[in-house]
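Where a number appears in this text, it was derived from the coordinates with a stated rule and is not lab data. Given the structure is predicted, the values throughout are model-derived calculations rather than measurements. Heads up, the Cβs are rebuilt from the backbone with ideal geometry, glycines too, and the neighbour counts pull from every protein chain shown.
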Amino acid sequence: MNISIVGAGYVGLVTGVSLAEIGHNVVCIDTNKEKIEMLKIFKSPIYEPELEELISKNVKEGRLSFTHSYEEGFNNSNVIFIAVGTPSKENGKADLSAIENVASHISNFIKSNVIVVIKSTVPVGTNEYIKELLDKTNNSRFTIDIVSNPEFLREGSAINDIFNGDRIIIGAENNKASRVVEELYKPFNIPIFTTSIRSAEMIKYASNAFLATKISFINEISNLCEKLGANIDDVAIGMGKDKRIGNSFLNAGIGYGGSCFPKDTSALVQIAGNVDHNFMLLKSVIEVNKKQQMSLIEKAKKRFTSLKDLKIALLGLSFKPNTDDIRDAASIVISEELLNLGATVTAYDPVATKQAKKILNKNIYFTDSIEDAIKKANCVFILTEWEEIKKFDLSKLTELMIEPIVFDGRNCFTINQVSAHIIEYHSMGKESVI
Ligand code: UGA
């Protein structure tokens, strides 16, 4: 099949590369020329394991190409995927301007009937609204069908997720269009669930909101564990053994971040509000997450009374490991608050430093190694559970820091591991080692 994908971000690029890998002819379109030039020389604009190899393989084998021109990109397509961003506006609403803009170009350049597949996360009803926009500009020259096909891949394991996903959701009002998209996905051999467009749109928000709820829930239990002398690691294992609960997404920590959960939870609260529904549970999930992001600072304040003039090393800046993405990462609010409180902040991340320098406060000292970040520090905050941090030789903390005090926001170490060293260790939902 000839497929165009608009938006060469996480979702668009990974989808495009994977559809090429299973044999389709794919053109990825992005209006950002710099991005397209990078991709043409097989450089991925985002850090994602396996992605660059697959880009270069599929371009060389003639199934994948890149362009910044809609005209060139839509020239030959039967199916157009829209995978542009839907960031949050100030009021939490999803900003649909990028999708509207793409839709405005489609009928100008298509040369046959097409199916437009919306992959971007959009409020319930948006696919229908975009279909109206398309019909307005189309003048009935060609038939344009619309299909909602939300994406569930995770950053950092996107390629693996797309080839081994749990389900593919296809929302359509037209069976013919639905069958074409089902056919296109068949080689992945992943269960396909077809439903209405509105239900498909809702499945995406409901899934992300539920996962965010699971995280805020386990974080509240973790806060209780600290007060009541239980151990969150064991509590999560014990809970997860119940198949109805499941053992994933029960890692307590400093909350969720990234470009999806914060944005999608706020958007769903808004969507509910628009139909006079007060989504109290989800509002609490968001509040708990905000509080949780500050929990290491609260622990440090209790330990030191004042953080003024302390040197604090942040280890890990991305919102989770295996990505250079720091959008809505806890590191942003934590570093800002530490500077406000008068601390000196050093920071190290194995991959995200370049991105962090663009967004984080200019008064942070970025280092090229964990050792440099922790040298003569009064305490360490672990913000992301990178393998390099989990494998760090804890005896170096005693050697290099003024006092080897660790506040671990991601439970990278067990109490047993830590007890073998002369360090003070505060983590999430567990007793402190002093
Ligand atoms: C999330 C969903 O997991 C994907 O299914 C979805 O497709 C994607 O959003 C999206 O909407 O595009 P992602 O944001 O890449 O994917 O990251 P996750 O792995 O879900 O992690 C999100 C945040 O939750 C991270 O900050 C992570 O540290 C935190 N988290 C995750 C926890 O604090 N505890 C956990 O047990 C799991």
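Using the alpha-carbon centroid of each, what span in Å lies between region 345-382 and region 154-183?
Centre-to-centre (Cα) distance: 39 Å.
Rank the residues 234, 349 as a footprinting-exposure proxy: fewest other Cβ atoms within 10 Å of their Cβ go first.
Fewest-to-most Cβ neighbours within 10 Å comes out as 234, 349.
For the peptides 275-281, 423-429, 387-393, 355-361, what is the packing order when you average, over each peptide's residues, the other Cβ atoms within 10 Å and list the highest mean first?
423-429, 355-361, 387-393, 275-281
Using a Förster distance of 51 Å, how high is the FRET efficiency between residue 61 and residue 89, based on the Cβ-Cβ distance and rounded to 0.05?
FRET efficiency, residue 61 to residue 89: 0.80.
Relative to the Cα centre, what is the charge dipole magnitude of the chain, using +1 at the beta carbon of each Lys and Arg, -1 at the beta carbon of each Asp and Glu, and rounding to the nearest 20 debye?
The dipole of the chain has a size of about 360 debye.
Counting only C-alpha contacts under 8 Å and six or more residues apart, can you give the relative contact order of region 150-206 as a whole percent?
41
Using R₀ = 25 Å, calculate the FRET efficiency as 1/(1 + (r/R₀)^6) where r is the Cβ-Cβ separation of residue 371 and residue 227; round to 0.05.
Using R0 = 25 Å, I get an efficiency of 0.10.
Using the basic label-point model (7 angstrom from Cα toward the beta carbon), what is the residue 37 to residue 189 distance in nanometres?
That separation, rounded to one decimal, is 4.2 nm.
If you take every DSSP beta bridge whose two residues both sit in the chain, what share of them, in percent to the nearest 5, is antiparallel?
Roughly 10 percent of the DSSP beta bridges within the chain come out antiparallel.
What's the exposure ranking of 228, 282, going from fewest to most Cβ atoms within 10 Å?
Fewest to most other Cβ atoms nearby, the residues stand as 228, 282.
To check my understanding: the extent here is largest minus smallest coordinate of the Cα atoms along each principal axis. What are those three numbers for the chain, in Å, largest first?
73, 48, 38
Counting pairs of alpha carbon atoms under 8 Å apart in space and at least six apart in sequence, what relative contact order in percent does the chain give?
11
I need 136, 375 ordered by Cβ neighbour count within 10 Å, fewest first.
Least crowded to most crowded, the residues run 136, 375.
Once you have the Cα-Cα distance between residue 76 and residue 414, take 0.36 nm times their residue separation minus that, and quote the gain in nm to one decimal.
Roughly 116.1 nm would be gained on extension.
From the Cα gyration tensor of region 2-195, with a ≥ b ≥ c the square roots of its eigenvalues, which class applies: rounded if a/c is under 1.5, or else prolate if a/b is larger than b/c, or else oblate?
It comes out rounded by the Cα gyration axes.
Taking the simple approach of a point 7 Å from Cα along Cα-to-Cβ for both residue 245 and residue 163, what is their distance in nm?
3.4
By how many nm would the segment from residue 290 to residue 402 grow when fully extended, if each residue of separation counts as 0.36 nm and the alpha-carbon distance is taken off?
37.3 nm
Tell me, what is the FRET efficiency for residue 108 and residue 179 to the nearest 0.05, using R0 = 30 angstrom and their Cβ-Cβ distance as r?
Calculated value: 0.65.
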